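Worksheet for the structure shown next.
The values are calculated or read from the model by the stated rules, or taken from the named source; none is laboratory data. In this text the structure is predicted, and so the values were computed from the model without any measurement. Note: ideal-geometry Cβ built from the backbone for every residue, glycine included; neighbour counts use all protein chains shown.
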Amino acid sequence: MSGRKKILQSAPKVDFRALLKVGCERLGITIDWTAVERLCLFYEELKRWSRKINLIAKESTDEQIIENHFLDSLTLLPLLTDCGPVYLLDVGTGAGFPGLVCKAARPEIALTLVEPRLKRVSFLRHIVRTLQLDDVSVLACRIEDEECLPSATPFTHITSRAVTDISAFLSLVGRFTLSEPAIICMKGPKWQQELALVADEMQAGSLELVRTVELQLPFSGAGRCLVVLKVLAKSA
């Protein structure tokens, strides 16, 4: 047996439940034990499927997967709580981050996932079935597809981790103005520079900055900011 194989076999198994619990406590997020069990099953299936298809970066450690994908996604939960029924659209969700993680933690959320890559769509549908989640739509299309995703769909919240630029994201989801959804942009330390690029829209009254939530991921200390915007419907 090679030295590399010996190292891999002797590597300690990461305790997903324990790390998730500590991470949530540091972020001030509360989830119940059934949510933890669903997320643990999600994590195990993600690891298993990732051996065959490209879902996350191959070099990611278990600790990085838990923090950068699961805990990072859960930072949205406080914005989806105590605001009435939630109809969440997750654009370019990939392997289900952040939308499906939030749904696993709070099954009462109505969720629409948009993902054009068919292998990832298969994974998402598998997770929905495995976790026995209701009220989830997995759409194998792009966000611009009006036929699959009509502009009049009444979402309360829209988010994405796939689109890196606030201005570009707004241009993609700006057609969903009927219900004036909250648009949650998950940003890194340079969020202020990106926000400055849409200052004209805010000044013109077509875009409103609702709030910003700055935080640090619990283990790496990496900076994050949730920028919440609202595209205002034009007056008739």
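Please enumerate the residues belonging to region 180-208 that are more than 28 Å from Phe70 (Cβ to Cβ) and assigned to a strand (DSSP E or B).
Result: Leu207, Glu208.
Looking at (1) within 19 Å of the chain's Cα centre (by Cα); (2) surrounded by fewer than 19 Cβ atoms within 10 Å (Cβ to Cβ), can you tell me which one Lys187 breaks?
The one condition Lys187 does not meet is (2).
Taking into account only those residues within region 125-160 that are within 15 Å of Val101 (Cβ to Cβ) and aliphatic (A, V, I, L, M), which is surrounded by the fewest Cβ atoms within 10 Å (Cβ to Cβ)?
Checking each candidate, the answer is Leu133.
Quick one: would you say Arg175 is more than 20 Å from Thr212 (Cα to Cα) and part of a loop (DSSP other than H, G, I, E, B)?
On the way: more than 20 Å from Thr212 (Cα to Cα): yes; part of a loop (DSSP other than H, G, I, E, B): yes.
Yes, satisfied.
Name the single residue, out of those in region 74-115 being among the polar types (S, T, N, Q) and free of Cβ contacts under 8 Å to residues at least 60 places away in the same chain, that is surrounded by the most Cβ atoms within 10 Å (Cβ to Cβ).
Step one: list which residues in region 74-115 are among the polar types (S, T, N, Q), which gives 75, 81, 93, 112.
When the remaining residues are screened for being free of Cβ contacts under 8 Å to residues at least 60 places away in the same chain, the result is 81, 112.
On the way: Thr81: 12, Thr112: 20.
Checking each candidate, the answer is Thr112.
I'd like the full set of residues that are of a type in the set (Gly, Ala, Ser) and either exposed (fewer than 14 other Cβ atoms within 10 Å of the Cβ) or over 21 Å from Thr153 (Cα atoms) (or both), limited to region 165-178.
Keep residues of region 165-178 that are of a type in the set (Gly, Ala, Ser), which gives 167-168, 171, 174.
Within region 165-178, Ser167, Ala168, Ser171 meet the criteria.
In a helix (DSSP H, G or I), at negative phi and touching a strand residue (DSSP E or B) at 6+ places or on another chain (Cβ under 7 Å): is that true of Leu149 in this structure?
Numbers: in a helix (DSSP H, G or I): no; at negative phi: yes; touching a strand residue (DSSP E or B) at 6+ places or on another chain (Cβ under 7 Å): yes.
Answer is no for this residue.
Does Glu63 satisfy being out of contact with any Phe, Trp or Tyr (no Cβ under 6 Å at 6 or more places or on another chain), assigned to a helix (DSSP H, G or I), modelled with pLDDT of 95 or more and loosely packed, with under 15 Cβ neighbours inside 10 Å? Write out each step before concluding.
Working: out of contact with any Phe, Trp or Tyr (no Cβ under 6 Å at 6 or more places or on another chain): yes; assigned to a helix (DSSP H, G or I): yes; modelled with pLDDT of 95 or more: yes; loosely packed, with under 15 Cβ neighbours inside 10 Å: yes.
Yes: the conditions hold for Glu63.
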